[in-house]
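Notes to accompany the following structure.
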Amino acid sequence: MSINDTYQDLANLGAIFNVRSRADKVIAQMKAQVAAAHAKVAHLKPVSVFLYDSGQAAPFTAPGLAMPNALIQLGGGSNIFASLKQSWTSVSWETVVARQPQCIIINDYGTPTWQQKEKFLRTDSATKNLPAVRNNCILHLSYDELTPSPRNAQAVTAIARWLHPKALGQSG
């Protein structure tokens, strides 16, 4: 998946519903927002990121063929499961721990809540000592930001700001 897939979906919807100019405007705004964020972080060392969707016995995550992988890369990160040529899948906590992610994105939707997922990460013996947890580098993003949608550009900006705050004019 790439953010270009989202742009194509929006263009297709514009054609189907005869609102091409509106779709083109949304796509142009998204492209500008993504380009602005990416330009500020593209030259920086990527920060390792684990996307935590759900699961306590085995974490469900978004590897190399899922949209969050593209968003993480555009935001200046490196998905610890990017090399898995799958979409959404389960992995093992042992593998997460072995890869020592610097930051974690929690997919925020339904139950359990992002707060419950974060509490689990902070209290579970396998995860509480991960660098991301120890350094409080946990970001929750909504499901519609992380799956193909007009909110993908917003997610890229949020990820870039979170991973590289100084590059985006924030204190960090």
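At-a-glance table
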| item | result |
| --- | --- |
| Among 9-18, 137-146, 26-35, the order from most to least packed when residues are scored by Cβ within 10 Å on average | 137-146, 26-35, 9-18 |
| Placed amide H near Gly77: partners under 5 Å, 5+ positions off or other chain | Val47 |
| Order of His43, His164 - criterion: other Cβ atoms within 10 Å of each residue's Cβ, fewest first | His43, His164 |
| P(r) tail fraction, the stretch 3-168 - alpha-carbon pairs more than 23 Å apart, % | 38 percent |
| Sum of -39500 (n - 2.57) over DSSP H runs of 4+, divided by residues of the chain (222 nm, nearest 500) | -14000 deg cm²/dmol |
| Cα-centred dipole magnitude for the chain, charges only on beta-carbon of K, R (+1) and D, E (-1), debye, nearest 20 | 480 debye |
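Taken together, the values in this text are just the output of simple stated rules run on the coordinates, not laboratory data. For clarity, every value in this text was computed on a predicted model and none was experimentally measured. Quick reminder, even Gly has a Cβ in these numbers, built from the backbone with ideal geometry, and neighbours come from all protein chains shown.
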